[in-house]
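*Asks:* Please see the structure below; I have some questions.
The values are calculated or read from the model by the stated rules, or taken from the named source; none is laboratory data. Just so it is clear, the structure is predicted and the values come from calculations on it, not from any experiment. Here Cβ is always computed from backbone atoms with ideal geometry, including for glycine, and neighbour counts include all displayed protein chains. We work out accessible area using only protein heavy atoms, side chains counted, and drop any ligands, DNA or RNA first. Shrake-Rupley method; radii C 1.70, N 1.55, O 1.52, S 1.80 Å.
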Amino acid sequence: MSGMAPKPFPAAPGDMGRRVAKRRDELGLTREEVAARAGMATSYLRFIEEQSTAAPGPGTMGTLAAALDTTVTALSGGEADLPPGRRGRASPHARLVELSPGECWSRLDGHGVGRVAVTTPGHEAILPVNYSVVDRSVVFRTAPGSGPAEVVGTEVVFEVDHVDEALSQGWSVLVRGLARRVENPEAVRYLAQRVYSGPWPGDDDRIMWVRIEAGAISGRRIDIP
């Protein structure tokens, strides 16, 4: 009927739509700005981002990728399961620069995905964990008896890194310290109020809090003059 406002699209984004929205957020652009760059209606860009049934043609995908300074393959998820660094090439003038402790903590940026090295008799592994930084300690949740739980009571190494394929740059940060289990109920509540999110694999059985008390932190970045 005329005069009626169009119904909003239900929020049911597909993988491609989420990648488009994520890339737009990374660039700090609004939908209106990206739509203008791509020469499309803002409502259509919203449809692409929010609807799992959206299936833009090759021409539209190419234009949208150019507007987002990326590739059709990246927006389509063709590189989602491949290791980072495949598209980058080493610069002939690159050099490694040591990061200060303050710069290292800044790059940890409060939360993310890192790797903790587990070394016990007969067992060595490097395992990914969803971490948060609370009071300059690295904390994560895991399940009792799991691989990451084995670090409790040991000196561990925790690592986070980032790769910028477009510029062939990157950085890595290492935290070394003693891993302890947090059991005091008040301390657990304190951490729960300050972490960014729960573990990505689910948190039904990940009830064990682990804190890595940073004894040392170091990092390096690739600098291109």
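*Asks:* Mind telling me which of the residues VAL156, VAL160 ends up being crowded, with 18+ Cβ neighbours inside 10 Å and under 19 Å from ARG107 (Cα atoms)? Let's see the steps before the verdict.
*Replies:* Values: VAL156 fails: under 19 Å from ARG107 (Cα atoms).
Result: VAL160 is the single residue among VAL156, VAL160 that is crowded, with 18+ Cβ neighbours inside 10 Å and under 19 Å from ARG107 (Cα atoms).
*Asks:* Looking at segment 130-151, I want the residues that are part of a loop (DSSP other than H, G, I, E, B) and have a partner that is among the basic types (Lys, Arg) with Cβ atoms under 6 Å, at least 6 apart or on another chain. Which pairs are those?
*Replies:* What qualifies is ALA143/ARG206.
*Asks:* What are the residue pairs meeting all of these: first residue in segment 37-55, first residue farther than 12 Å from ASP15 by Cβ and of a type in the set (S, T, N, Q), second residue open to solvent by less than 30 Å² (accessible area, probe 1.4 Å) and modelled with pLDDT of 90 or more, Cβ atoms under 9 Å, and 6 or more apart or on different chains?
*Replies:* Pairs found: THR42/VAL34; THR42/ALA35; SER43/ALA35.
*Asks:* Within segment 181-225, how many residues are part of a loop (DSSP other than H, G, I, E, B) and touching a residue at least 40 places away in the same chain (Cβ under 8 Å)? Even if it seems obvious, please write down each step before you answer.
*Replies:* We begin by selecting, within segment 181-225, every residue part of a loop (DSSP other than H, G, I, E, B); these are 183-184, 193-207, 224-225.
Narrowing the set further to residues that are touching a residue at least 40 places away in the same chain (Cβ under 8 Å) leaves 194-200, 203, 205-207, 224-225.
Going through segment 181-225 one residue at a time, the tally reaches 13.
*Asks:* Okay, next question. Taking segment 70-101, which residues are among the charged types (D, E, K, R) and modelled with pLDDT of 90 or more?
*Replies:* First, pick out the residues of segment 70-101 that are among the charged types (D, E, K, R): 79, 81, 86-87, 89, 95, 98.
Scanning segment 70-101 gives a single hit, GLU98.
*Asks:* Just checking, does segment 208-219 include any residue being among the aromatic types (Phe, Trp, Tyr) and either closer than 30 Å to LEU27 by Cβ or touching a helix residue (DSSP H, G or I) at 6+ places or on another chain (Cβ under 8 Å) (or both)?
*Replies:* We begin by selecting, within segment 208-219, every residue among the aromatic types (Phe, Trp, Tyr); these are 209.
Adding the requirement that they be either closer than 30 Å to LEU27 by Cβ or touching a helix residue (DSSP H, G or I) at 6+ places or on another chain (Cβ under 8 Å) (or both) leaves 209.
Looking through segment 208-219, at least one residue is among the aromatic types (Phe, Trp, Tyr) and either closer than 30 Å to LEU27 by Cβ or touching a helix residue (DSSP H, G or I) at 6+ places or on another chain (Cβ under 8 Å) (or both).
*Asks:* So in segment 16-42, with the set limited to residues that are part of a loop (DSSP other than H, G, I, E, B) and not aliphatic (A, V, I, L, M), which one is surrounded by the most Cβ atoms within 10 Å (Cβ to Cβ)? Spell out the reasoning first.
*Replies:* Step one: filter segment 16-42 for residues part of a loop (DSSP other than H, G, I, E, B), giving 28-30, 39-41.
Narrowing the set further to residues that are not aliphatic (A, V, I, L, M) leaves 28, 30, 39.
On the way: GLY28: 7, THR30: 12, GLY39: 10.
Applying the filter and picking the extreme gives THR30.
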